[in-house]
1. Within segment 58-84, can you find the residues that are over 16 Å from ALA43 (Cα atoms) and not charged (D, E, K, R)?
2. For segment 1-99, list the strands (runs of 3 or more DSSP E) that sit wholly inside it and hold at least 2 residues that are hydroxyl-bearing (Ser, Thr, Tyr) and within 25 Å of GLY140 (Cα to Cα); which are they?
3. Report yes if ILE107 is surrounded by 14 or more Cβ atoms within 10 Å (Cβ to Cβ) and not in a helix (DSSP H, G or I), otherwise no.
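Rule-based calculations on the coordinates, nothing more; no lab input. These figures come from a predicted structure and were not determined experimentally. In this analysis, Cβ positions are derived from the backbone assuming ideal geometry, glycine residues included, and neighbour counts consider all displayed protein chains.
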Amino acid sequence: MTGLPPSVLFACSHNAIRSPMAEALAKRLYGHTAYLDSVGVRATELDAFVVAVLDEIGIDLHAHGGKSFDDIDPSSFDLIVTLSPEAHHRALEFTRSASTDVEYWPIPDPSAIEGSREARLDAYRRTRDLILARLKARFGAASGPSL
């Protein structure tokens, strides 16, 4: 499968770092050309460092509310992109009897980095930039404002 499918769900463990970051970046790149959403295996509060590194590139994520797989119907998506092993296993369980494709993008969890605020922000920036590169490589050129 190449190009951007009509609907994509990004999933990680908590819907607090990687999946909301991927959703926000995809929405910036592709606008309304597809339905884009994100969930976690568990829904927790958005990580403040995610808000900070997306603010740096002009994306406001302050209003994001965490969702879990239980809050949506994963089979209603054409593609689920999983960003953590836990989310990948959960997505495969949910889609056993559905025609939904599941792809695993192994994106490191930046919250595992310890150190100064700047060192932690750098880890989140690397995650942001890695997700951005994967989005462009997988789905092609941006139809919205470029990043």
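1. GLY58, ILE59, SER75, SER76, PHE77, LEU79, ILE80, VAL81
2. The strands (runs of 3 or more DSSP E) meeting that bar are 35-40.
3. Judged against the criteria, ILE107 is a match.
Matching residues to (1) under 18 Å from ILE131 (Cβ atoms); (2) among the charged types (D, E, K, R); (3) surrounded by fewer than 20 Cβ atoms within 10 Å (Cβ to Cβ):
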{"position": "CYS12", "(1), (2), (3)": "yes, no, no"}
{"position": "ALA16", "(1), (2), (3)": "yes, no, no"}
{"position": "MET21", "(1), (2), (3)": "yes, no, no"}
{"position": "VAL53", "(1), (2), (3)": "yes, no, no"}
{"position": "LEU61", "(1), (2), (3)": "yes, no, yes"}
{"position": "THR82", "(1), (2), (3)": "yes, no, no"}
{"position": "GLU103", "(1), (2), (3)": "yes, yes, yes"}
